[in-house]
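See below for the structure under consideration.
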Amino acid sequence: MAKKLVYKNLSHLERRVICNGCGRKSGFIPVPEFKFTASCNQHDFNYWLGGSEADRLKADYQFYVAMKHDATYDEEGNKRNFLVRRYYLTWAYIYYKAVRTCGGNKKLGGFNYRDVPRTWKDLDNEVQEFLRKSKERGHILYIGHHARKPNRV
């Protein structure tokens, strides 16, 4: 049986192909990363994966919940002081509103959300295209552990 296409099952290279942290890959306005890079990467994956409008709403809500957690607790799991917490919670809300407003609208600078969910085969094709373009540009990449995982397709 094929493994479900979920973020935690991706290799480092696959994550690199899909995710870019906060903001657009080619955006003209840089978006501050703050403490939300992991949350942004998970959200990038959920958008790349695609699905219905309800799936997009769920992805955006999960993104907001994850950012609120990042804003509230530090890396050791301790609650942040009130002012720092409020600062990051404000940014989490701004990011959430931005993805709800622009996230599915390419004209507004958002990611082109896909109606049909992607598969492992789609991911493999994108990785191969990424490697081909990198080679053409003369980039040397450390591939690491990208060997095909069993039972993926």
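The values are calculated or read from the model by the stated rules, or taken from the named source; none is laboratory data. Quick caveat: nothing in here was measured; it's all calculated off a predicted structure. Please note: Cβ atoms are built from the backbone with ideal geometry, for glycine as well, and neighbour counts cover all protein chains shown.
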### Task
Output the residues belonging to the range 73-99 that are under 21 Å from the mean Cα position of the chain (by Cα), more than 18 Å from C22 (Cβ to Cβ) and not in a loop (DSSP other than H, G, I, E, B).
Y73
## Note on the structure
Filter the range 33-66 for residues that are of a type in the set (G, A, S) and part of a helix (DSSP H, G or I); the one that is surrounded by the fewest Cβ atoms within 10 Å (Cβ to Cβ) is A54
### Message
Quick check on the range 125-144: of everything there that is touching a helix residue (DSSP H, G or I) at 6+ places or on another chain (Cβ under 7 Å) and either assigned to a loop (DSSP other than H, G, I, E, B) or among the small types (G, A, S) (or both), which residue is modelled with the lowest pLDDT?
### Response
G144
### Query
Which ones in the range 11-24 are in a loop (DSSP other than H, G, I, E, B) and either buried (at least 19 other Cβ atoms within 10 Å of the Cβ) or among the polar types (S, T, N, Q) (or both)?
S11, C19, N20, C22
### Task
Please work out which one of (1) under 30 Å from D122 (Cα atoms); (2) surrounded by fewer than 12 Cβ atoms within 10 Å (Cβ to Cβ) is the condition E76 fails and give its number.
(1)
### Message
One residue is enough: does the range 102-124 have a residue meeting the conditions touching a Gly at 6+ places or on another chain (Cβ under 8 Å), not charged (D, E, K, R) and not in a loop (DSSP other than H, G, I, E, B)?
### Response
yes
### Query
Does K121 satisfy the criteria of being surrounded by fewer than 16 Cβ atoms within 10 Å (Cβ to Cβ) and either under 14 Å from the mean Cα position of the chain (by Cα) or under 24 Å from L5 (Cα atoms) (or both)?
yes
